[in-house]
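Just below is one structure, and these are the notes that go with it.
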């Protein structure tokens, strides 16, 4: 039966089917079979009073808590409070201060080369240089590997490694001119593959052998799950979705797309949805949840998102984050059989 872990956020699903979760400023190792938590580490805010007031709606208002966690063996890289921590054996080994933005929207880990990438996610509308950062020693040191000149893009939505083509996709936003999907293998030569239109504005995509699944993230046009063909360079709408896509991933035999409530004259639905597909052509609604009553302008967009999964993940359980919904909150976990029942 579907399991709901209220008050937590899932960051990393390990290959054995367990996960790394967080609550407020503390991270935990979650053992699925025993349904219990082991505390890993409690982080402290740079401003001590934030550790006291960052609870419930205030934490949502301030965008507090732990943002990203990557776990490899007993090593952790954690993004928290404008800093990047490395953690081993319960001890902090290094700290990197993020000076150009509050936090990245997404973080990329490439297990094949052991590299971590993230890009500036600048919330304001001021045109600034936008950097991409890389660590090759699991978060101990960081270098800028590429900089978009001011005005080219507003911020980086995501960086995704394509195992089929052995290169990276860089997703940028937000205006037509700033929205694009860029290709690079070395972060020296970066070229736009799809750009200049809201249908190329995405926060995530799913690389396939013969193309890409691209769910759109826009509040000024209708949103779709799209398919881009490498063969004929065309993009096709597969399924209309009622809100902006916040996450997409392929896990085992399933592809998932999660949406958020980003109200506009086009996006009018009060629900966030989660879609699933086995063949990347036929998509089914796995969840449709109504937003809670707090104003989304100040208390974050309600959303259904997907944590990172370890490369060798093969367990029959699937973790999703439910943010700011009436019916559920925290982490929802589906078993494979429950998903197959909906698809059938």
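Taken over region 249-266, the criterion of being in contact with a strand residue (DSSP E or B) (Cβ under 7 Å, 6 or more places away or on another chain) and within 15 Å of residue 223 (Cα to Cα) is satisfied by 257, 258, 259, 260, 261, 262. Of the candidates 304, 293, 343, the single residue that is out of contact with any helix residue (DSSP H, G or I) (no Cβ under 7 Å at 6 or more places or on another chain) and buried (at least 20 other Cβ atoms within 10 Å of the Cβ) is 304. Of the residues making up region 38-51, not a single one is modelled with pLDDT of 95 or more and surrounded by 21 or more Cβ atoms within 10 Å (Cβ to Cβ). Scanning region 267-309 for residues that are part of a loop (DSSP other than H, G, I, E, B) and in contact with a strand residue (DSSP E or B) (Cβ under 8 Å, 6 or more places away or on another chain) yields 267, 270, 278, 280, 281, 283, 292, 300, 301, 302, 306, 307. Annotation note: of 257, 193, the sole residue that is in a strand (DSSP E or B) and buried (at least 21 other Cβ atoms within 10 Å of the Cβ) is 257. If only residues of region 260-279 that are over 23 Å from residue 324 (Cβ atoms) and touching a residue at least 12 places away in the same chain (Cβ under 8 Å) are counted, the one that is surrounded by the fewest Cβ atoms within 10 Å (Cβ to Cβ) is 278.
The values are calculated or read from the model by the stated rules, or taken from the named source; none is laboratory data. Here the structure is a predicted model, which means the values were calculated and not measured. Glycine also receives a Cβ, built like all others from the backbone with ideal geometry; neighbour counts cover every protein chain displayed.
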